[in-house]
Each structure stands twice: as C-alpha cells, then as structure tokens.
Amino acid sequence: MRITILCAALLFFSATLLAEEDQNFEAAKKLAKQKQYDAALVLLDKVLETEPNHLEAIFTKADIYEKSGQTPLAIQEYSRCLETAGDDKAAKALAEKCKSALDRLDKAREIVQKYVKLLEYEARKSKDDYTQGKLKEAIAGMEKPFAGIAGEQVVDEKELRESLKKRATEFFSAVLNKKWDKALPYVDPSIVGFLGKDKVLEFLTTLGNALAAINREEDLDFSTIFLGEDKKTALIIARFRVKGEWHNGAKDPSYWVYINKKWYLASNEK
C-alpha cells in the first residue's frame, strides 16, 4: 500500500525559506486562530522538540489549553512559560501575560470551589433523587476542568491496538469507497495543516486509485501491529486479498500517531 506519497510530499514542501520550526509555529498560530486546536498542538510539539525553550510556542500551547477547557494543562504550560522566560523585553512581556493568566485561572478555581460547596450542601439537603442526581452532575461538570495536572496515563496496550485497528479499518474503508472527505479526518492533522486540505485530498485520491484492485473492506487485514516504545506511534503491516489470494504489504507499511486519544495516519518521517 502506497502511503509513502504523503511522506514525499511533506519533505518536498518543507524545503522553504523559513526554518522548519518557524514554519510550524506560524502554521500553528494560524490553526489556533481557526480553532483547529488538535492540529495546532501537534505542530507546537514539533517546534518544542527542536527548540524546548521556544517561549511563544509554550505560551500558545497554554492559551490553546485554556480556550479548550483543559485548565490543568493550561496552568502547567503557563507555569512552564514563566519559568522559561528570560530578561529581555519581549520575554518579560510574555511572562506578565502568564502571571495574569495564572491569576485568572486561580480565581476561577476559587469561585468554582465555593459554588461546588454550595451545590454539595443543596444535594445533601434534597430528598429528591432526581434533584440530587442533577446537582451531582453539575458538580462533576464544574470540577472536571480542575481535576489536577494531567500526567502520563497508563493505557492498556490491547485497547490501543484495538482502537488503531478500528481507525485503520474505517480509514481504508472510506478510501476504498472513494469517500475522500470521510477519509481526511484520519490523516495526521499536522500534515493537513501543513500541506492544506486540497493537496491531501489529491493524495487520498491517488491512494484510492492504487487500491482499486481491492474490492471490499473484508479484503484488508490489520492484525500485524507494532507499537512504538512511547505507545504514541505505531506501524501496521497490512495483508490484502486480490482475486481470492492474500498478499503481504510488508514493503509498504502504514505509519500512525496517537494524538489526543485518537490514531492518525502519518508520514514515516517524524
């Protein structure tokens, strides 16, 4: 299966005048303004891989987390930004923004905590099960954004494999049925953000044409999965059936990345 065309295109378009981290950062800011937060975060992480102290990238991550309601992560990144800030004028200005954001989130948490206590009192006082249930739902919803700084979660490997197999099946099913818009959301958001929707749709069309000999979803098998050590990357060696005979796709594996609890088809050049 020819997935490597995405990789080739990504390499071609990366050869521009700006440094790669600058390209990624500018693209991330644009995606964030469009509220495409998942794609923006992917690009920001790439920036920070090569430049861990990129102050604006850290601040932008924090801002995205705050706007998307992921308060603990926002606090974590604002704090990181504050610790990283240097003594130059631009860094000091950004540090002040971080302080204001942290104060704002801290006050919001205090208000929520006070209101939660009031709701808890009302829930204990109420004898109506329905009212109690609704109050508990409200409390849970209010406390969720302040549930604590999220660390690395222990993810069941079997669940990861099953979710990847499901995503791969759904993606290739859409490709086989030439439903390009339906296949698009399964592609790494950073590739879509970097290349643009039209270009990726063009590649998906090419992929669909290359797989034309495969008639049905049942003619694909994704049982051979290799997870990366970080459990955030994976490689699938698919088998496909043409005219009743199974073939091994070891020469053309597909590469996947795990972003915000979802698997996405990716380039093998990470």
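Just so it is clear, none of the values below were taken in a lab; they were calculated from the coordinates. Treat the numbers as computed from the prediction; the structure is a model and nothing was measured. FYI the Cβ positions are ideal-geometry reconstructions off the backbone, even for glycines, and counts take in every protein chain you see.
With a simple spin-label model that places each label point 7 Å from the Cα along the Cα-to-Cβ direction, the separation between D45 and N248 comes to 3.2 nm.
Here, the range 157-266 yields an orientationally averaged convex hull projection of 6.8 nm² when only Cα atoms define the hull. On the beta carbon distance between Q34 and D87, with R0 = 25 Å, the FRET formula returns roughly 0.15. Taking the Cα centre of the range 174-270 as origin and assigning +1 to Lys and Arg Cβ atoms and -1 to Asp and Glu Cβ atoms, the resulting dipole is close to 180 debye. The range 222-265 and the range 173-194 have Cα centres lying 16 Å from one another.
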